[in-house]
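**Student:** First, the structure itself, so that you have it in front of you.
Please treat every number below as a calculation from the coordinates, not as lab data. All values derive from a computational prediction rather than experimental measurement. Don't worry about glycine lacking a Cβ; one is built from the backbone with ideal geometry, like all the others, and counts go over all protein chains shown.
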Amino acid sequence: MTNRFLENVEKAHLKADPPVFEVGDTVDVATRIVEGDKERIQIFSGTVIMKKGKGINETFTVRRIVNNEGVERIFPLHSPFIAKVTVKRGGETRRAKLFYLRDRVGKAVKLTEKRRASKKDAAAAAAEGGAPAATPSSRRAEPAQELAASA
């Protein structure tokens, strides 16, 4: 239950096109850093372990390992200091918060990559009359047929 007046006030401060990413994705967050009169962009790479909040209060947490030490950083999604968020790799998850990654070390931290098969590709393959992908049962049947033929 949100206040409509607050939503109208916040609307002016929200980003027009916020970055699209999900929990589990490996991202590069480009942050603007102001040092004196100079400004530079610094990249923070890691895995998104959490998204929370709504509207102007929406934040996301990115975790990475530096010198065998876990480093987590919380970024406000609509902050003017966030220059851009680039998704490097999609991770497949079944949870909204990936706190279990904090206990993992090495390769165990890596999530399985999300399969991105579009509907267009599947429709194009069906229209060309391409053979359907081999099923596990058909792969198992082939060696048995070879043995029977050789005997």
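**Student:** Within the range 42-86, restricting attention to residues that are among the β-branched types (Val, Ile, Thr) and touching a helix residue (DSSP H, G or I) at 6+ places or on another chain (Cβ under 8 Å), which residue is surrounded by the fewest Cβ atoms within 10 Å (Cβ to Cβ)? I'd like the intermediate steps shown before the answer.
**Tutor:** Of the residues in the range 42-86, the ones among the β-branched types (Val, Ile, Thr) are 43, 47-49, 56, 59, 61-62, 65-66, 71, 74, 82, 85-86.
Now restrict to residues that are touching a helix residue (DSSP H, G or I) at 6+ places or on another chain (Cβ under 8 Å): 47, 49, 56, 65.
On the way: Thr47: 24, Ile49: 20, Ile56: 18, Ile65: 14.
This residue is Ile65.
One line per residue, one yes/no per condition, for (1) over 26 Å from Arg95 (Cβ atoms); (2) small (Gly, Ala, Ser); (3) free of Cβ contacts under 8 Å to residues at least 60 places away in the same chain:
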{"position": "Pro18", "(1), (2), (3)": "no, no, no"}
{"position": "Asp25", "(1), (2), (3)": "no, no, no"}
{"position": "Asp28", "(1), (2), (3)": "no, no, no"}
{"position": "Arg32", "(1), (2), (3)": "yes, no, yes"}
{"position": "Asp37", "(1), (2), (3)": "yes, no, yes"}
{"position": "Arg40", "(1), (2), (3)": "yes, no, yes"}
{"position": "Gly46", "(1), (2), (3)": "no, yes, yes"}
{"position": "Ile49", "(1), (2), (3)": "no, no, yes"}
{"position": "Lys52", "(1), (2), (3)": "no, no, yes"}
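**Student:** Another question about this same structure. Examine the range 59-66 for a residue that is of a type in the set (D, E, K, R) and over 19 Å from Glu92 (Cα atoms), and state whether such a residue exists.
**Tutor:** No, the range 59-66 has no match at all.
**Student:** Scan the range 15-25 and tell me whether some residue there is within 27 Å of Phe99 (Cβ to Cβ) and over 21 Å from the mean Cα position of the chain (by Cα).
**Tutor:** No, there is no match, as no residue in the range 15-25 is within 27 Å of Phe99 (Cβ to Cβ) and over 21 Å from the mean Cα position of the chain (by Cα).
**Student:** Please verify whether the range 28-39 includes one or more residues that are among the small types (Gly, Ala, Ser), in contact with a strand residue (DSSP E or B) (Cβ under 9 Å, 6 or more places away or on another chain) and either assigned to a helix (DSSP H, G or I) or at positive phi (or both).
**Tutor:** Start the filter on the range 28-39 by keeping residues that are among the small types (Gly, Ala, Ser), which leaves 30, 36.
Those still in the list that are in contact with a strand residue (DSSP E or B) (Cβ under 9 Å, 6 or more places away or on another chain) too: 30.
If we keep only those that are either assigned to a helix (DSSP H, G or I) or at positive phi (or both) too, we end up with none.
Within the range 28-39 (the criterion being among the small types (Gly, Ala, Ser), in contact with a strand residue (DSSP E or B) (Cβ under 9 Å, 6 or more places away or on another chain) and either assigned to a helix (DSSP H, G or I) or at positive phi (or both)), the answer is no, since none of the residues qualifies.
**Student:** Something else about it: Considering (1) closer than 14 Å to Phe75 by Cβ; (2) within 12 Å of the chain's Cα centre (by Cα), say which one Thr31 fails and leave the rest.
**Tutor:** Unmet for Thr31, out of (1) closer than 14 Å to Phe75 by Cβ; (2) within 12 Å of the chain's Cα centre (by Cα): (2).
**Student:** Pick from Arg73, Arg89: which is of a type in the set (D, E, K, R) and either over 28 Å from Glu10 (Cβ atoms) or in contact with a Gly (Cβ under 7 Å, 6 or more places away or on another chain) (or both)?
**Tutor:** Details: Arg73 fails: either over 28 Å from Glu10 (Cβ atoms) or in contact with a Gly (Cβ under 7 Å, 6 or more places away or on another chain) (or both).
The unique qualifying residue is Arg89.
**Student:** Would you confirm whether any residue within the range 4-20 is closer than 27 Å to Thr112 by Cα, of a type in the set (Val, Ile, Thr) and touching a strand residue (DSSP E or B) at 6+ places or on another chain (Cβ under 7 Å)?
**Tutor:** Residues of the range 4-20 closer than 27 Å to Thr112 by Cα: 18-20.
Subsequent filtering for residues that are of a type in the set (Val, Ile, Thr) retains 20.
Of the ones still in play, those that are also touching a strand residue (DSSP E or B) at 6+ places or on another chain (Cβ under 7 Å) are none.
No, the range 4-20 contains no residue that is closer than 27 Å to Thr112 by Cα, of a type in the set (Val, Ile, Thr) and touching a strand residue (DSSP E or B) at 6+ places or on another chain (Cβ under 7 Å).
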